[in-house]
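To start, the structure under review is shown below, and the notes come after it.
The values are calculated or read from the model by the stated rules, or taken from the named source; none is laboratory data. Just so it is clear, the structure is predicted and the values come from calculations on it, not from any experiment. We place every Cβ from the backbone using ideal geometry, glycine too, and count neighbours over all the protein chains shown. Just so you know, the surface numbers come from the protein's heavy atoms only, side chains and all, with ligands and any DNA or RNA stripped out. Shrake-Rupley method; radii C 1.70, N 1.55, O 1.52, S 1.80 Å.
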Amino acid sequence: MVSDDEIMAMPQGDADRAGVRDRWEQACAGLHAAQARRVGQLGDTELTEAYRGLERDALQRAAQARR
């Protein structure tokens with residue numbers, strides 16, 4: 001089994017070939033969510049919303065990868 005750290009270090013194409021694309025997308029979404037929380041604490045609303053958008057996109061791609 002591939003660890004989440006190994007998955008995050010993979011380029012997207014490698015994640016596809018390894019059959020872990022949905023986990024890769026979920027890990028990306030988690031990273032974007034954490035970044036949004038950190039930036040939100042600094043009061044940068046525009047950047048926080050940008051990270052939340054990236055999180056939503058990554059979650060959607062993860063759902064598509066599972067299909």
field: region 1-14, residues that are part of a helix (DSSP H, G or I), open to solvent by less than 60 Å² (accessible area, probe 1.4 Å) and aliphatic (A, V, I, L, M)
entry: Ile7
- request: Report the residue count in region 10-30 for those that are touching a Lys or Arg at 6+ places or on another chain (Cβ under 8 Å) and acidic (Asp, Glu).
  value: 2
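Would you tally the residues in region 20-47 being in a helix (DSSP H, G or I) and surrounded by 14 or more Cβ atoms within 10 Å (Cβ to Cβ)?
Total meeting the criteria: 18.
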- prompt: Which residues, taken from region 10-49, are among the basic types (Lys, Arg) and within 17 Å of Gln64 (Cα to Cα)?
  reply: Arg17, Arg21, Arg23
message: Quick test for you: out of Arg17, Arg61, Arg52, pick the one residue that is surrounded by fewer than 14 Cβ atoms within 10 Å (Cβ to Cβ), among the charged types (D, E, K, R) and in a helix (DSSP H, G or I).
response: Arg17
